[in-house]
Amino acid sequence: MKPSSLRFICMSALAMFMALTASAQKNVNYDESKVGTYTLEDPLTFVSGRKVRNAADWEKRRLEILDIFQSEMYGRMPEAMPVFTETLEEGETLAGFGHRRQVRMWFREDHSGPHIDWLIVTPSQSQGPLPTVLLLNYYGNHTLLPDPEIIISDAWFKNNSKFLIEDHHVSDRGRGLFAGPNTLDTVYPIGMILARGYAFVTACYAEISPDPDKNLFGDRAKQEEFARSEGVFKLWEPADPERKDNTTALAAWGWALSRGMDMIEADPALDQSKVLLTGYSRLAKAALLAGAFDERFPVTVPVQTGGGGVPLAKRNFGETVTTEINAFAHWYCRAYDKYAGHEDTMPFDQHMLISCIAPRALLVEGFNQGWFDTKGEFLSVQAASPVWKKLGRGGLPKGVDWPVPEYDTRAIGDHLGYVRRTNGHGIAWHDWMWMLDFADRNFGL
């Protein structure tokens, strides 16, 4: 494929999404003067009104907040279950610079039912255990490296000619599509990551729960039915039609990242105490959920989450609850629907979710596109900062307020930070450099 074609593909991703959601954007606000006033709940105050006094109190408040998000937004996070892994293939990659392992994860001892294929890449000359980057990818492990040995996923994908998906399946034509250097908006620079001393671990989100085709846009019941008919949902009991907090696709993706951590813990080549959890867009939301719910993740870096992730919902700027549930109802539980057009009635907001990562490390990375409300991201981080301070981790650096200029790293603290850039929607070179530098400091590397 020509470099110009790759550039067109990556630059088209956001445009395609915006076109799909055009009908839901009619009442979206992009005018700061129309944001209005809003009140944010204090993450350091219990629902009862009691204040968080110490770390022991915070552990209880954190669980209270996570229960609110399960009840009102993301649905119930599934329970952990045993994982059974099998190495399908391994060998050299990246011209011998890296070592590739392909591991199939099952959830039943007899290796029946749903599975997830993980790609693990380590530096060939490494002396483990290694710090590790963990994330989910969109279009298959084979799109991240131009390596003919990487297995092509047999999962169901929604058709997308620009990303070479036909008849709901990916093919060999997409091999190495996001390996760079010609992809502008999204790149997975695995060679550079290995050179920094990290292992790289990934799996395709579609094997967990794929998104349905665009013809189901706006139909919650059909979106939910489809999302629950594929992937790991087959492991669980059918959704209870009487409940409004059933497990959602976002919760399932977050759950799968925790199962990836289970695998890392059992792998002597990987250092479970030094895991950098990341992803972009909906998979940044998934990383954010996994980081909030699973305290084993020491560093979480969500990139451009969009609405339903880091930005404040009550701010009335860019993506709204209405647009979220119209386009992607299967990402959110039915209890969330009541806040469409009524965000001011929400007894929570996203700063409370990100505070649940404290006192562990969190870096939020954004970019300049109104739909994704990067100012709302910063304000969310700022509102959560007192939790890190309460727990003795410093919070956001002093003296930094909005606006934070593009590429300005002064808002990146030791354990909590924010940074933004220009360019498009995706995970780009600057994002990788910022997050690896942040992880290095937290891991003492």
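The values are calculated or read from the model by the stated rules, or taken from the named source; none is laboratory data. The structure presented is a predicted model; accordingly, all values stated were derived computationally and were not measured. Cβ atoms come from the backbone with ideal geometry, glycine included; neighbour counts cover every protein chain shown. Ligands, DNA and RNA are stripped out before the accessible areas are found, and what is left, the full protein with its side chains, is counted by its heavy atoms. Shrake-Rupley method; radii C 1.70, N 1.55, O 1.52, S 1.80 Å.
List of remarks:
- Segment 362-409, residues that are at negative phi and touching a Ser or Thr at 6+ places or on another chain (Cβ under 7 Å): L362, G366, F367, N368, A384, V387, L396, E406
- For segment 371-397, filtering for residues that are assigned to a loop (DSSP other than H, G, I, E, B) and either among the hydrophobic types (A, V, I, L, M, F, W, C) or modelled with pLDDT of 95 or more (or both) leaves 7.
- Test for E237: is it on the phi < 0 side of the Ramachandran plot, exposed (fewer than 15 other Cβ atoms within 10 Å of the Cβ), acidic (D, E) and not in a loop (DSSP other than H, G, I, E, B): no
- Restricting segment 207-232 to residues that are free of Cβ contacts under 8 Å to residues at least 60 places away in the same chain and part of a helix (DSSP H, G or I), the residue that is least open to solvent (accessible area, probe 1.4 Å): L216
- Answer from K158, K162 - the residue that is touching a helix residue (DSSP H, G or I) at 6+ places or on another chain (Cβ under 6 Å), open to solvent by 10 Å² or more (accessible area, probe 1.4 Å), touching a residue at least 40 places away in the same chain (Cβ under 8 Å) and over 25 Å from L277 (Cα atoms): K162
- Against the list (1) closer than 14 Å to V232 by Cβ; (2) loosely packed, with under 13 Cβ neighbours inside 10 Å, the condition H115 fails is (2).
- Count - residues of segment 337-370 that are crowded, with 21+ Cβ neighbours inside 10 Å and in a helix (DSSP H, G or I): 7
- Within segment 34-78, the set of residues being surrounded by fewer than 16 Cβ atoms within 10 Å (Cβ to Cβ) and among the polar types (S, T, N, Q) comprises T37, T39, T45, S48, N54.
- Test for S126: is it modelled with pLDDT of 95 or more, at negative phi, out of contact with any helix residue (DSSP H, G or I) (no Cβ under 6 Å at 6 or more places or on another chain) and surrounded by fewer than 19 Cβ atoms within 10 Å (Cβ to Cβ): no
- All positions within segment 398-445 that are charged (D, E, K, R), over 22 Å from L134 (Cα atoms) and in a loop (DSSP other than H, G, I, E, B): K398, D401, E406, D408, R410
Listed here are the residues, each with its yes/no results for (1) in contact with a strand residue (DSSP E or B) (Cβ under 8 Å, 6 or more places away or on another chain); (2) in a helix (DSSP H, G or I); (3) modelled with pLDDT under 95; (4) at positive phi.
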site: I9; (1), (2), (3), (4): no, yes, yes, no
site: S12; (1), (2), (3), (4): no, yes, yes, no
site: M18; (1), (2), (3), (4): no, yes, yes, no
site: A24; (1), (2), (3), (4): no, yes, yes, no
site: N29; (1), (2), (3), (4): no, no, no, no
site: Y38; (1), (2), (3), (4): no, no, no, no
site: E59; (1), (2), (3), (4): no, yes, no, no
site: I65; (1), (2), (3), (4): no, yes, no, no
site: S71; (1), (2), (3), (4): no, yes, no, no
